[in-house]
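Colleague: One structure, as structure tokens, below. Some questions next.
The values are calculated or read from the model by the stated rules, or taken from the named source; none is laboratory data. Note that the structure is a prediction, hence the values are computed from the model and not measured. Neighbour counts run over all protein chains shown; Cβ positions are idealised from the backbone, glycine included.
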Amino acid sequence: MNFNIREKETVLNIWASCDLKTKANALLKKYRGQIERYIRKYPQWQESFMPVEPKKNAPSIVKEMSAAAKLCGVGPMAAVAGAMAEFIGKNLSRFSAEIIVENGGDIFLQSSKERLIPVFAGRSKLSEKVNLKLLSSLEPYGIATSSGTVGHSYSKGRTDASVVVSNSAILSDAAATAVANMVNRKEDIKKGLNFARKILGVKGAVIILKNKIGIWNCEIA
């Protein structure tokens, strides 16, 4: 079944094999609350565009965001959407063998089935005509998309879509931001893919800029 939940600005789309809306709502309040309380104490952690070491008493979600940001050379908040999707998705996966949590285009996916994930790339002619083909896996997938032309998130680049696939939505979110930051022209696509390739844990990447696409280690349908 499919349902949506919301807490302030965070809106999650969730697919599960049973009704987990009550549990999902509680988890959303829990993890968003942890991040908000940490930011109130340490606002520089939220404001930085560079990695920031978390405090020793930081909650796990903050520590994992910080670790992913450090690997990718971005600020911790670059991983916030992926972190919410992953922490909630992993908790819900104890109750549902099939679980997908989508948070603003960033996805935690645990499935025994092959899945096709359409890539939204704004005004590009390739938008939603490119699908990531994800094979069934015992491990979860984390898929994240960052863009310099779509949405309100800050980006130094101009990509219509920079997509990263790994086994962690947190890592994919931070990596997608880092890749998007460095691509301003079609000639930069190769540089972005090479950067993604070097990030420990990243499995594949797709970059779309206008009518040009670059693909590394992803199956496209």
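Colleague: Out of the strands (runs of 3 or more DSSP E) lying entirely within the range 34-147, which hold 1 or more residues that are surrounded by fewer than 24 Cβ atoms within 10 Å (Cβ to Cβ), free of Cβ contacts under 8 Å to residues at least 12 places away in the same chain and of a type in the set (D, E, K, R)?
Modeller: Correct list: empty, since no element meets the threshold.
Colleague: I would also like to ask the following. Across the range 2-57, which residue is modelled with the lowest pLDDT among those that are over 23 Å from residue 109 (Cα atoms) and of a type in the set (Phe, Trp, Tyr)?
Modeller: 49
Colleague: Output the residues belonging to the range 183-214 that are surrounded by 20 or more Cβ atoms within 10 Å (Cβ to Cβ) and in contact with an Asp or Glu (Cβ under 9 Å, 6 or more places away or on another chain).
Modeller: Once the filter is applied, which keeps residues that are surrounded by 20 or more Cβ atoms within 10 Å (Cβ to Cβ) and in contact with an Asp or Glu (Cβ under 9 Å, 6 or more places away or on another chain), the range 183-214 yields 204, 207, 208, 209.
Colleague: A follow-up question, please. Considering only the range 9-29, state which residues are assigned to a helix (DSSP H, G or I) and loosely packed, with under 15 Cβ neighbours inside 10 Å.
Modeller: Once the filter is applied, which keeps residues that are assigned to a helix (DSSP H, G or I) and loosely packed, with under 15 Cβ neighbours inside 10 Å, the range 9-29 yields 21, 22, 26, 29.
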